[in-house]
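The values are calculated or read from the model by the stated rules, or taken from the named source; none is laboratory data. Note that this is a predicted model, so its numbers are computed, not measured. Here the Cβ positions follow ideal geometry from the backbone for every residue, glycine too, while neighbour counts run over all protein chains shown. To get the accessible areas, we keep the full protein, side chains included, count just its heavy atoms, and leave off ligands, DNA and RNA. Shrake-Rupley method; radii C 1.70, N 1.55, O 1.52, S 1.80 Å.
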Amino acid sequence: MEIRDFAERILQSDSLAEKLRPLDGPATDRIPGPPQRFPLPARPANLKFAGRKEAPAMPAPTAFRDPAKRAVAHHIMANHELQALEVMAFTLCAFPDAPTEFRHGMLPIMADEQRHTRMHAQRLEEFGMTFGDLPVNGYFWLKAQDFQSPLDYLAGLPLTFEAGNLDHTIEFEQAYDSAGDKKGAGIMRAIHQDEIGHVAFGIHWLRAMKPADQTDWDAYIDHLHWPLRPEKAKGKAFQRQPRLDAGLTDEFIDQIQHAGRDDLR
Ligand SMILES: [Fe+2]
Ligand SMILES: [Fe+2]
């Protein structure tokens, strides 16, 4: 299957099952097509983006004793996973001239995002809910509209949102675990492991695409568009080891860890 056709199926199908359908057969990139920026992904009616105020807020970890709150968290995270998939498909269509190795490298990550979406959606069913029962926001998608190059994508998605998720996944694993919800904790642990590889993809390609005399950090900062900023690349409890495992340097990790503290002055 052509990579472009796979990306367009994700962006143009309003069936969740179609959007989450794996690539048909081996991928080819013979016809990457013209650059095209999709302003919105097609979605089923019950998953169309609502305003940020309409979509429920993420429950606090202390609220996870309540099964209804744990279900809301799965619903919100299923939408995050689906948006990651859609942003990746957006990137493939917007930047057909990116190296074909980069484009092929996105595919196993997209398969992970499809699986992550299904994991949350299936767990939701066990709480008596369906993905689409609650309003969802389009925050990640909207931020991706500012990407003007594959480097912008790398800074914004893998090195900010997915890097931040290295912390969030551990926080939520602990929240589910404290509530005695082993299944929820297991889902978060599995996603955490995959996310390390997604961040590794981000730093690998940032290094490959940036000018040779520019540092990782300067390239990252150059390609982040406000309101994205380094302090968005972390959660409440900072995890150093998974960032090292992803191949980030100690210097880069220190910069992220200390980012935003000046804002308090
Ligand atoms: Fe994911
Ligand atoms: Fe990811």
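Assessment of the stretch 241-252 against the conditions (aliphatic (A, V, I, L, M) and more than 25 Å from residue 149 (Cα to Cα)) yields at least one matching residue. If we scan the stretch 116-132, do we find a residue that is within 29 Å of residue 210 (Cβ to Cβ) and crowded, with 19+ Cβ neighbours inside 10 Å? Yes, that holds for at least one residue. Counting the residues of the stretch 10-20 that are free of Cβ contacts under 8 Å to residues at least 24 places away in the same chain and either basic (Lys, Arg) or in contact with a helix residue (DSSP H, G or I) (Cβ under 8 Å, 6 or more places away or on another chain) (or both) gives 1.
Each residue in the stretch 1-53 was checked for being touching a Phe, Trp or Tyr at 6+ places or on another chain (Cβ under 6 Å) and over 18 Å from residue 140 (Cα atoms), and 1 of them qualify.
For residue 87, indicate whether it is in contact with a Leu (Cβ under 7 Å, 6 or more places away or on another chain), over 19 Å from residue 185 (Cα atoms) and either at pLDDT below 95 or within 16 Å of ligand 2 (Cβ to nearest atom) (or both). For residue 87, the condition - in contact with a Leu (Cβ under 7 Å, 6 or more places away or on another chain), over 19 Å from residue 185 (Cα atoms) and either at pLDDT below 95 or within 16 Å of ligand 2 (Cβ to nearest atom) (or both) - is met.
Give the residues of the stretch 17-70 that are part of a helix (DSSP H, G or I), open to solvent by 50 Å² or more (accessible area, probe 1.4 Å) and not hydroxyl-bearing (Ser, Thr, Tyr), sorted by residue number. Of everything in the stretch 17-70, those that are part of a helix (DSSP H, G or I), open to solvent by 50 Å² or more (accessible area, probe 1.4 Å) and not hydroxyl-bearing (Ser, Thr, Tyr) turn out to be 17, 18, 45, 46, 61, 65, 67, 68, 69.
Tally time: how many residues in the stretch 166-217 are touching a helix residue (DSSP H, G or I) at 6+ places or on another chain (Cβ under 6 Å), within 11 Å of ligand 2 (Cβ to nearest atom) and either outside any helix (DSSP H, G or I) or among the small types (Gly, Ala, Ser) (or both)? Final tally of qualifying residues: 1.
Here residue 101 fulfils each of the conditions (1) over 25 Å from residue 23 (Cα atoms); (2) in a helix (DSSP H, G or I); (3) of a type outside the set (Phe, Trp, Tyr); (4) open to solvent by 60 Å² or more (accessible area, probe 1.4 Å) apart from (1). Does the stretch 120-139 contain any residue that is touching a residue at least 40 places away in the same chain (Cβ under 8 Å), within 15 Å of residue 198 (Cβ to Cβ) and out of contact with any strand residue (DSSP E or B) (no Cβ under 7 Å at 6 or more places or on another chain)? No: zero hits. For the stretch 217-265, filtered to residues that are within 18 Å of residue 169 (Cα to Cα) and open to solvent by 80 Å² or more (accessible area, probe 1.4 Å), the residue that is modelled with the lowest pLDDT is 236. Determine whether the stretch 148-165 contains at least one residue that is open to solvent by 10 Å² or more (accessible area, probe 1.4 Å), among the polar types (S, T, N, Q) and part of a helix (DSSP H, G or I). Yes.
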